[in-house]
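This report concerns only the one structure given below.
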Amino acid sequence: DMPGLKKFKRLEPMPELPEVETIRQQLITALPLTIERVQFSSVADSIIKKVDRKITLTGQTIVQIHRMGKWLEMILDNDDRILSHLGMSGSWRLWQSEQAIKHAHVLFHGKNSKNNPMIFAYVDPRRFGKMYFMTSAQACEFRAKLGVDVSSSEFTIDYIAQTLRKYPARAIKAFLLDQQFFAGVGNYIACEICAHARIRPTRKAKSITLEEVTKIHAATKVVIAGQLPKGGLTFQGGYLDAFGEKGQGLESLVVFHQKICGLCQRGKIKKIVLAQRSTFYCPACQK
Ligand SMILES: [Zn+2]
């Protein structure tokens with residue numbers, strides 16, 4: 001009687017920071033993209049959540065794409081914005097011509113700077129993704145509500161220490177998933193950060209020492225650096241990048257959906273459910 005939760009479990013993991021960043025880096029190779037025509041599928045309304053009626057996309061040029069946590073922000077030459085969250089199964093594809101693939105819900109048909117035809121296609125089988133068309137002022141308000149991106153320079157040891165003090169009773173791994181504080185972290189990254197920091201995912205925030213906070217900071221960099229150059233993580237037939245390719249990040253995982261710990265090479269990985277999410281850790285390495 002909880003079909004949403006079942007889907008959620010089956011599709012883990014969903015796109016997290018490395019996957020969204022991979023797509024961003026691929027899309028920007030096609031910029032600037034002048035939008036000549038916008039095409040929506042019959043069910044695109046379930047993805048497009050907020051639209052400022054004043055915004056017209058046709059004739060505008062996408063000049064830059066930023067990432068804020070798991071959000072992509074496309075910037076138009078008149079300063080309006082397209083915000084996109086990939087949800088569980090979304091991705092943007094870069095096509096030179098229209099492809100006959102299912103679940104393409106929003107298509108920006110246009111031309112790149114070399115006047116070659118180019119399509120940005122938002123593909124999302126499960127349609128848990130979200131898209132907003134906003135003015136720059138609205139996007140600015142939106143951005144202010146997001147937490148610090150864990151790949152940014154604002155993500156410091158001090159920031160982590162201060163944040164953990166806000167909710168001392170929270171389990172550290174569930175805390176790391178909170179986008180209000182640790183934007184970009186999802187389930188696999190949170191599990192892997194705890195592993196590299198040698199911290200049991202169930203530990204309460206108040207029990208984390210300053211030395212361990214330093215380890216969380218370093219572990220976050222290790223986990224992201226283990227995924228980004230490999231184009232992110234593709235698992236259980238999930239995420240594909242802007243060229244329709246799988247990420248090769250599986251080999252960097254040490255605990256997530258592993259049997260034997262990749263750190264000590266002998267600990268048997270334990271799987272628990274923490275705050276309704278599958279959680280993996282090595283009882284030997286993580287205290
Ligand atoms: Zn281990």
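Scanning segment 231-251 for residues that are closer than 30 Å to I157 by Cβ and in contact (Cβ under 8 Å) with a residue 60 or more places away in the chain yields a total of 5.
Remark: pairs (first residue in segment 135-148, among the charged types (D, E, K, R); second residue buried (at least 16 other Cβ atoms within 10 Å of the Cβ); Cβ separation under 9 Å; 6+ apart in sequence or on different chains) = E141/M134; R143/M68; R143/W71; R143/E73.
Of all residues in segment 232-274, those that are touching a Lys or Arg at 6+ places or on another chain (Cβ under 8 Å), away from the ligand (no atom under 16 Å from the Cβ) and either of a type in the set (D, E) or in a loop (DSSP other than H, G, I, E, B) (or both) total 9. Of the residues in segment 108-119, not one is under 23 Å from K206 (Cα atoms), surrounded by 14 or more Cβ atoms within 10 Å (Cβ to Cβ) and among the aromatic types (F, W, Y).
Tell me, yes or no, whether segment 148-159 has at least one residue that is touching a Lys or Arg at 6+ places or on another chain (Cβ under 6 Å), assigned to a helix (DSSP H, G or I) and closer than 27 Å to I216 by Cα. No, segment 148-159 contains no residue that is touching a Lys or Arg at 6+ places or on another chain (Cβ under 6 Å), assigned to a helix (DSSP H, G or I) and closer than 27 Å to I216 by Cα.
In segment 275-287, the qualifying residues are those that are near the ligand (Cβ under 10 Å from one of its atoms) and part of a loop (DSSP other than H, G, I, E, B), and the one that is farthest from the chain's Cα centre (by Cα) is A284. Every residue in segment 127-151 that is closer than 22 Å to G90 by Cα, surrounded by 17 or more Cβ atoms within 10 Å (Cβ to Cβ) and among the hydrophobic types (A, V, I, L, M, F, W, C), please. Of everything in segment 127-151, those that are closer than 22 Å to G90 by Cα, surrounded by 17 or more Cβ atoms within 10 Å (Cβ to Cβ) and among the hydrophobic types (A, V, I, L, M, F, W, C) turn out to be F128, M131, F133, M134, A139, F142, V150.
Read-outs: derived from the displayed coordinates by stated rules, not from any lab. This is a predicted model, so every value here is computed, not measured. Note that we place each Cβ from the backbone using ideal geometry, even for glycine, and neighbour counts take in every protein chain shown.
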